[in-house]
Amino acid sequence: MSYRRYVAIGDSCAEGLDDPYPDGRGFRGFADLTATRLAEVEPDLHYANLAVRGRRLDQILAEQVPVATRLRPDLVTLFGGGNDVLQGRITGLAANLDAIAGAFAGIARTTVLFTLPDLARRLPGMSWLRPRVDVLNELIIATAARHGTLLVDVREDPWAEDIRLYGADRLHLGELGHHRVAGHLLTALGVSPGDWLAPLPSAVREPVWRAVVRQWNWVRHHVTPAVHGAVRNKLIGRQPGDGFVAKRPELARLIDR
């Protein structure tokens, strides 16, 4: 099945954070990777990416969905909900997911939703996140079933919790993780993912002292700044992602004639 109008909506993962292009011209991510592979099947593919880091589902519904529906896509992907979980905004998740999926009924031939992996497995001391992620995933699965959308359940990947799939902050996908998510998405769409889902080699066991140093660096360079930033934003009434805009706000061809 080929597509000609693909629109990605969502948060930092859909935007592509922690997967920079090799030439440094911005972030790539699973949506860009998927679009590139789809363009090999359908050279006339037009692609837009409306995702913005830090966005919750209610913000995606208010800011991105109206633009996405105007673009009349035949393929839509939504990767979101992580910021709702981190901010403890569980109320309203079901309604927002239902409204987003329902908005594309009769417009998009295919809508795709994604579950989230177990964040607490990679973030020591944050086991309180697990029940929230479980609630979100249950709602995503139910929404997909209710609206007949495709579901990419990333938890089925045997390497879903492998630290090598994630960036330095352990929260966002890294280059390898984005390739694997793109591989799962392409498989769901009936397109070959190439070697993007190849088994990972066995991890090399590191000395205890190196693990301790790595843990300390993670706390120092990622946890502490994130906590300070969250407190500062709350004090000044700023939302994560404020000031950022979509990287591909309009449909455009990926392959020049």
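The values are calculated or read from the model by the stated rules, or taken from the named source; none is laboratory data. The structure presented is a predicted model; accordingly, all values stated were derived computationally and were not measured. Here the Cβ is made from the backbone with ideal geometry for all residues, glycine too, and neighbour counts use every protein chain on show.
Listed conditions (1) assigned to a helix (DSSP H, G or I); (2) in contact (Cβ under 8 Å) with a residue 40 or more places away in the chain; (3) in contact with a helix residue (DSSP H, G or I) (Cβ under 7 Å, 6 or more places away or on another chain) are all met by residue 99, apart from (2). Taken together, the residues in the range 154-187 that are surrounded by fewer than 17 Cβ atoms within 10 Å (Cβ to Cβ), under 22 Å from residue 104 (Cα atoms) and touching a residue at least 12 places away in the same chain (Cβ under 8 Å) amount to 0.
The numbered conditions (1) modelled with pLDDT of 80 or more; (2) over 19 Å from the mean Cα position of the chain (by Cα); (3) among the aromatic types (Phe, Trp, Tyr) are all true for residue 218 except (1). Determine whether residue 57 is closer than 24 Å to residue 166 by Cα, touching a residue at least 60 places away in the same chain (Cβ under 8 Å), aliphatic (A, V, I, L, M) and buried (at least 24 other Cβ atoms within 10 Å of the Cβ). Answer is no for this residue.
When you check residue 70 against the structure, is it among the basic types (Lys, Arg), surrounded by 14 or more Cβ atoms within 10 Å (Cβ to Cβ) and out of contact with any Ser or Thr (no Cβ under 9 Å at 6 or more places or on another chain), yes or no? Spelling it out, it is not the case that residue 70 is among the basic types (Lys, Arg), surrounded by 14 or more Cβ atoms within 10 Å (Cβ to Cβ) and out of contact with any Ser or Thr (no Cβ under 9 Å at 6 or more places or on another chain).
Quick check: anything in the range 122-129 of a type in the set (S, T, N, Q) and either touching a Gly at 6+ places or on another chain (Cβ under 8 Å) or crowded, with 16+ Cβ neighbours inside 10 Å (or both)? Walk me through how you get there before you give the answer.
Initially, the range 122-129 is screened for residues of a type in the set (S, T, N, Q), giving 127.
Imposing the further condition that a residue be either touching a Gly at 6+ places or on another chain (Cβ under 8 Å) or crowded, with 16+ Cβ neighbours inside 10 Å (or both) reduces the set to none.
Checked against the condition, which is being of a type in the set (S, T, N, Q) and either touching a Gly at 6+ places or on another chain (Cβ under 8 Å) or crowded, with 16+ Cβ neighbours inside 10 Å (or both), the range 122-129 yields no hits at all.
Residue check: residue 87 meets all listed conditions (1) surrounded by fewer than 16 Cβ atoms within 10 Å (Cβ to Cβ); (2) of a type in the set (S, T, N, Q); (3) in contact with a Leu (Cβ under 6 Å, 6 or more places away or on another chain) but one, namely (3). Would it be correct to say that residue 190 is at pLDDT 95 or above and over 18 Å from residue 86 (Cβ atoms)? Here the answer is yes, as residue 190 does meet what is asked.
Of note, residue 146 does not satisfy the criterion of being closer than 26 Å to residue 62 by Cβ, crowded, with 21+ Cβ neighbours inside 10 Å, touching a helix residue (DSSP H, G or I) at 6+ places or on another chain (Cβ under 9 Å) and of a type in the set (Lys, Arg).
Residues in the range 2-43 that are within 12 Å of the chain's Cα centre (by Cα) and not hydrophobic (A, V, I, L, M, F, W, C): 10, 11, 12, 15, 16, 18, 19, 28, 29, 32. Filtering the range 29-85 to residues that are part of a helix (DSSP H, G or I) and of a type in the set (Phe, Trp, Tyr) leaves only 30. Residues of the range 3-28 being in contact (Cβ under 8 Å) with a residue 12 or more places away in the chain and in a loop (DSSP other than H, G, I, E, B), which ones? Correct list: 3, 4, 11, 16, 17, 18, 19, 26, 28.
Of everything listed in (1) within 30 Å of residue 44 (Cα to Cα); (2) assigned to a loop (DSSP other than H, G, I, E, B); (3) within 17 Å of the chain's Cα centre (by Cα), the single unmet condition for residue 116 is (1).
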